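Q: I have a structure I would like to understand better, so I am pasting it below and will then ask my questions one at a time.
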Amino acid sequence: MENLIVEATRSSPAIRFDAEQRCLRLSGESYPENAAAFYAPVFAWLKAFLVTLAPGAAVRVELDIQYLNSSSTKVMLNLLDLLEQAAQDGTPIAVEWYYDPDNEAMLECGQDFSEELTALDFHLMERS
Amino acid sequence: MHDFDLVQLRDELSERGILMIFSGPFSHSIIEELGEAVRNYLQSAQVNRPAMMDVFAVYIEQAQNVRNYMRRWEMSADPRGARIMQSGIVVIARDQGHYVISSGNLIAQADVSALVARLEEIRALDKPGLKALHKERLRVPLSDGGNAGLGLIEMARKASQPLQYALTTVDEYVFFTLRIVI
């Protein structure tokens, strides 16, 4: 399966989804004009990726986001829901949610998400 | 012809504590550029990062709300659309030690009651109530217009005072103003 590589813009994050390494990285800021349209290819890739996984193959997700607008917040939770479903079906998935100590909004957002997603191994990681 | 006095306009902006103002048709790239300018300004004014990000976030939500409302009219054949699309304004000001982000645009009268209901629902809530409503709305699917139904709640959570709004009748429209005090 091909990797999903998307370069960052001012209002959209960089995406590095590596199928072989089973490592999904997303970093930057997200307030695109149309969040649903921006993330549609990401959903498509993730759905295709999850069905290729061998039983028990673990997935690592790194989210390093400095800002999410409200529509991106909702779309991000939907993406995480896909992973949550896979985790409930037996795929071990660890999510690392990075935040800067002086960016309380992103810590709160990570906390809100972790409350919603109980099957994922969700870690809040403070950047030093 | 009008007396086109920029000195007077500048003095008035300064007296009102206005740091940034944009009025006219919004595009996504204008929203991005102004957002960058706001952050650079706040950084140079030594504003700490949480406060800076709150101002930035509330500015983005307001500007995108105005833009999204206009986009609904962009695609319609309704003759009111042209005037609505010119009517947007966003203002960032400093008032009594607080940053204040305001926005406004013309809306159709038919859209007033649903908007007022949403605003009053949010105004009635304290911070724990806002958090609970946010949690509930996170699960509601995104509308076709890209509206998450979360923006107003997120702004209210960042505000130091209940959100304020005004409705002013202008011909067959209503001018909606939203004011958020950080």
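Q: Convert each backbone phi in segment B:47-52 into a coupling constant with the Karplus relation 6.51 cos²θ - 1.76 cosθ + 1.60 (shift: θ = phi - 60°), then list the ³J(HN,Hα) values in order as whole Hz, x for Gly and Pro.
A: 6, 5, 5, x, 5, 4
Q: What percent do you get for the relative contact order of chain B when only Cα pairs under 8 Å and 6+ apart count?
A: Result for chain B is 23 percent.
Q: Please figure out what share of the DSSP beta bridges in the protein assembly as shown is antiparallel and state it in percent, rounded to the nearest 5.
A: 65 percent
Q: Each residue of segment A:86-94 in turn: what ³J(HN,Hα) in whole Hz from Karplus with 6.51, -1.76, 1.60 and θ = phi - 60°, glycine and Pro shown as x?
A: 5, 5, 5, 8, x, 7, x, 10, 9
Q: Along the charge dipole of segment B:127-182, Cβ charges K/R +1 and D/E -1, which of B:A166, B:P141, B:L178 sits furthest on the positive end?
A: Checked the options; the winner is B:P141.
Q: What dipole magnitude, in Debye to the nearest 20, does segment A:1-70 give about its Cα centre under +1 on Lys/Arg Cβ and -1 on Asp/Glu Cβ?
A: Using Cβ point charges on Lys, Arg, Asp and Glu, segment A:1-70 gives about 160 debye.
Q: Which whole-Hz couplings ³J(HN,Hα) result when phi for each residue of segment A:114-125 is put into the Karplus expression 6.51 cos²θ - 1.76 cosθ + 1.60, θ = phi - 60°, listed in order with x for Gly and Pro?
A: Here the 3J(HN,Hα) series is 5, 5, 7, 10, 8, 7, 7, 8, 9, 10, 8, 10 Hz.
Q: Here is a follow-up. Any idea which of A:T73, A:A57, A:M106 is furthest toward the positive side of the dipole for segment A:23-126, if Lys and Arg beta-carbons carry +1 and Asp and Glu beta-carbons -1?
A: A:A57
Q: Next question. Using Stokes-Einstein with the Kirkwood hydrodynamic radius over Cα pairs, what translational diffusion coefficient do you get for the protein assembly as shown at 25 °C and a viscosity of 0.890 mPa s, in µm²/s rounded to a whole number?
A: Using the Kirkwood radius from Cα pairs, D works out to 117 µm²/s.
Q: By the scheme Lys and Arg +1, Asp and Glu -1, what is the net charge of all other residues having a beta-carbon under 15 Å from that of A:E116?
A: Summing Lys/Arg as +1 and Asp/Glu as -1 gives -2.
Q: Counting DSSP beta bridges in chain A, what percent are antiparallel, to the nearest 5?
A: So the antiparallel bridges amount to about 30 percent of the total.
Q: Assigning unit charges at the beta carbon (Lys, Arg +1; Asp, Glu -1) and nothing else, what dipole magnitude in debye, to the nearest 20, does chain A show about its Cα centre?
A: 440 debye
Q: Can you give the calculated 222 nm mean residue ellipticity of chain B, where each DSSP H run of n ≥ 4 adds -39,500 (n - 2.57) and the sum is split over every residue, rounded to the nearest 500 deg cm²/dmol?
A: Mean residue ellipticity, 222 nm, calculated: -15500 deg cm²/dmol.
Q: In addition: Going by how many other beta carbons lie within 10 Å of each one, how would you line up B:K158, B:K131, fewest first?
A: Ascending number of Cβ neighbours within 10 Å: B:K131, B:K158.
No lab work stands behind these numbers, since they all come straight from the coordinates. Predicted, not measured: the structure shown is a model, and the values here were computed from it. Please note: Cβ atoms are built from the backbone with ideal geometry, for glycine as well, and neighbour counts cover all protein chains shown.
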